[in-house]
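Heads up: the structure comes next, in structure tokens.
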Amino acid sequence: MDERSKSQETCKSKDMKPEAAEPGKAMTGNQGVGISDDQNTLKAGPRGPSLLEDFYFREKITHFDHERIPERVVHARGAGAHGVFTCYDDLSDLTCASLFGEAGKETPVFVRFSTVAGSRGSADTPRDVRGFAVKFYTDEGIWDLVGNNIPIFFIQDAIKFPDLIHAVKPEPNNEIPQAASAHDTFWDFASLTPETAAMLMWVMSDRALPRSLAMMEGFGIHTFRMVNADGKSHLVKFHWKPKKGVHSQVWDEAQLTAGKDPDFHRRDMFEAIERGDYPEWEFGVQVVDEEDQLKFGYDLLDPTKIIPEEDVPVRPIGKMVLNRNPDNYFAETEQVAFHVGHVVPGIDFTNDPLLQGRLFSYLDTQLKRIGPNFAELPINRPLNEVRNNERDAQMRIQINKGRVSYFPNSLDGGCPMHQPEAVQAFRSYAEKMEGEKVRERSDSFADYFSQARLFWNSMADWEKEHIVNAISFELNNCTSDMVRGRVLNELLVNIHEDLAEGVSEQIGIAVTPAGSADNPTPSARHRRDRSRSTTRPRRRSAWTSRPRTSKAGVSRSLPGTALTAISSRRSRRAFSRKRRSWRSSHRRPVRSLAARGRRFG
């Protein structure tokens, strides 16, 4: 073994060695029988029919027919790498998790980066969120930190996730567009779901066009808990900070890259690791005391909110280096199974309603994609021994000895036993719970626009220009004027008037605000008030401008009010000319990929 291979060796790479197979010299079938001819089927004469008894042909072709597992519904397009996480300090004041138990402790990891909306065959560089999922192979079991390169998400409650993904995926009538949000169904959903406002700002910024996988941040998104050995809990947000800085492409570069090299990101990472230019990230946490969780003016359980680093600085606690490429893409990167419910003692959950839904959905996804024994695959299995009474099912690998598969038992001495007092055993944080069963959002989740405005105000002028151009491009690819107007007059105007004016100028729809940030938009108020009212408002035309008053005396307008329609043929022709003129005048000069060292804080 050469020096480089030795430096890449971890306890996980050793664990996977028994399954690694070299090509070998002599060909055999799957049953070990030697093969004399792999080029011709068995026939009745050189020009005769193929024979059904050709067991080798049937074995080969049927295996080929079943080589694919179901594609992930989201995050289908991905690339992965192995590496090592090194802890900086003893964090026993925060958590009893052993990977943070001493300075210098190393833990093997496997990381999968991905786009979200596109299929497995889509390009690497569309405007999209990027998945950033890390599997820690700790000595206490698997911890999966399943996040993104953007610190928040579109929705507040997991029950909306199917709607969000249905909206952003290609439209079902024609399967268009691929890996893009620039179409009616996505913006229709967004315009009627104002909790998306802050996430839209991130996605329409250059953060959604990373220059390299090694040049983007990662976030756990949700507020988690770290719990120490005494049972004391702190609320935490997880951050990955790239050592190479945060860099982006611009829109024209991303388009050129997708056309010339659809594998740009995965190729860049693979080749960087092969030449020893290892991607690195610093791992940090924002820590908040339990009693301080509501003191900031926003709810830490709301996944559409960040904790600004001015409020709570990020504390660096470790470093991750990716230093080895997978030996086989399918066996490792495609079959790796992440689940936010894979945690170790010292890491626990909060009541974030999006996180709570993911705790069910991710496990369900792996059962569908891979099967009930997915945890036995080499890339997924933990380093420590697995001992329980789960048995059988498809593709079982472990051979369990003995006659007992239940607990309690006396025939096997009660084994495997519970570990109620063991430090190594997982125990949920003893959070006090109370309240009636309701289908409601907390009022503390009702602020949709302040952090979207905070993001806009933090941008430089040229970054704001990129956001305006991105939203305008997306809306000019929508065919519904009602949807375009609702985005403008019920979302963008409540983020910032300069944003709304800039987009208005490029899409040909006037700014006529409906609602305000303090008095939520008609779409938002309609949704929030419904649970508080015994009568639903009557349906009215989407084009009406007359407000109506509810029984509670609240003036409300329905979605689409105060929208400037382009109704006459003359004005439509003028609008089309203006649109063509704008597209011509706003073609940005193509910038070379050498100019990609842009930094974004």
Size of the range 445-507 as Cα extents on the principal axes (Å, biggest first):
31, 30, 15
Compare Cys96, Cys87 by solvent-accessible area with a 1.4 Å probe and give them largest first, with all protein chains kept in place.
Cys96, Cys87
At 0.36 nm per residue, minus the direct Cα-Cα distance, what do Ser458 and Lys241 gain on full extension? Give it in nm, one decimal, please.
76.2 nm
Under 15 Å from a point 7 Å along the Cα-to-Cβ line of Glu290: which residues of the range 81-125 have their amide N that close?
94-96
How large is the charge dipole for the chain, taken about the Cα centre, if only the Cβ atoms of Lys, Arg (+1) and Asp, Glu (-1) carry charge, to the nearest 20 debye?
3120 debye
Could you run the Karplus curve 6.51 cos²θ - 1.76 cosθ + 1.60 with θ = phi - 60° over the range 233-245 and give me ³J(HN,Hα) per residue in whole Hz, x for Gly and Pro?
10, 10, 7, 9, 10, 9, 9, 10, 10, x, 5, 7, x
Using the beta-carbon distance between Ala258 and Phe330 and R0 = 35 Å, what value does 1/(1 + (r/R0)^6) give for FRET efficiency, to the nearest 0.05?
0.90
Solvent-accessible area per residue for the range 445-507 at a 1.4 Å probe radius, Å²?
33 Å²
Descending semi-axes in Å of the range 281-337, equivalent ellipsoid built from Cα gyration tensor:
35, 16, 9
Pick out, from Ser410, Met433, Asn373, the residue whose Cα sits farthest towards the positive end of the charge dipole of the range 370-488, with +1 on the Cβ of Lys and Arg and -1 on the Cβ of Asp and Glu.
Ser410
What is the percent carbon and sulfur in the accessible area of the chain, measuring with a 1.4 Å probe over the protein chains and ignoring ligands?
51 percent
Net charge over other residues, Cβ less than 10 angstrom from the Cβ of Ser98 (K, R count +1; D, E count -1)
-2
Could you tell me how many degrees, from 0 to 90 and to the nearest 10, lie between the Cα long axis of helix 264-274 and the main elongation axis, the longest principal axis, of the Cα atoms of the chain?
40 degrees
Where only protein heavy atoms count, and the probe is 1.4 Å, what is the accessible area per residue for the range 78-380 in Å²?
32 Å²
Roughly how tilted is helix 497-507, in degrees to the nearest 10 and between 0 and 90, from the longest Cα axis of the chain?
90 degrees
Helix-only CD estimate at 222 nm, as mean residue ellipticity for the chain, using -39500 (n - 2.57) per DSSP H run (n ≥ 4)
-7500 deg cm²/dmol
For Phe473, what accessible surface area do you get with a 1.4 Å probe? Give it in Å², rounded to 10.
80 Å²
Other-chain or far-sequence residues with amide H under 5 Å of Arg130's (modelled H):
Asn149, Ile150
Taking a point 7 angstrom from the Cα of Thr86 along the C-beta vector, which residues in the range 278-300 have backbone N less than 17 Å away?
278-284
Mind giving me the FRET efficiency for Asp277 and Ser13? R0 is 25 Å, r the Cβ-Cβ distance, nearest 0.05 is fine.
0.80
Lys12, Lys437, ranked by accessible area, largest first (probe 1.4 Å):
Lys437, Lys12
Interchain or sequence-distant (5+) residues whose placed amide H lies within less than 5 Å of the amide H of Ala510 are Thr564
So how much accessible area does Tyr362 have, in Å² to the nearest 10, using a 1.4 Å probe?
50 Å²
Rounding to the nearest 20 debye, state how big the charge dipole of the range 291-357 is about its Cα centre with +1 on each Lys and Arg Cβ and -1 on each Asp and Glu Cβ.
240 debye
Relative contact order of the chain, defined on C-alpha pairs under 8 angstrom at six or more residues apart (%)
16 percent
Listed pairs Lys135/Lys432; Lys12/Lys237; Lys169/Lys305; Lys237/Lys295 exceeding 19 Å between Cα atoms:
Lys135/Lys432; Lys12/Lys237; Lys169/Lys305
Heavy-atom accessible area with a 1.4 angstrom probe orders Ser233, Ser442, most exposed first, as Ser442, Ser233
The FRET efficiency for Ser444 and Glu501, from their Cβ-Cβ distance with R0 = 30 Å and rounded to 0.05, is 0.45
What net charge is computed for the residues neighbouring Val483, neighbours being all others with C-beta under 12 Å from the C-beta of Val483, Lys and Arg scored +1, Asp and Glu -1?
-3
Linear extension gain, Asp37 paired with Leu359, 0.36 nm per residue minus alpha-carbon span:
110.9 nm
What is the spread of the Cα atoms of the chain along each of their three principal axes, largest first, in whole Å?
78, 74, 49
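Work out how much length Glu309 to Ile69 would gain on full extension: take 0.36 nm times their residue separation and subtract the Cα-Cα distance, in nm to one decimal. Intermediate values should be presented prior to the final figure.
Values: separation 240, 0.36 × 240 = 86.40 nm, distance 4.14 nm.
This chain segment gains 82.3 nm when fully extended.
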Separation between the Glu434 and Ile399 pseudo-spin-labels, each 7 Å from Cα along Cα→Cβ, expressed in nm?
5.7 nm
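The values are calculated or read from the model by the stated rules, or taken from the named source; none is laboratory data. Bear in mind that the values here come from a model prediction, so they are computed numbers and not experimental data. Every residue, glycine among them, receives a Cβ derived from its backbone with ideal geometry; neighbour counts consider all protein chains shown. Remember, those area values only see protein heavy atoms, side chains included, never the ligands or the DNA or RNA. Shrake-Rupley method; radii C 1.70, N 1.55, O 1.52, S 1.80 Å.
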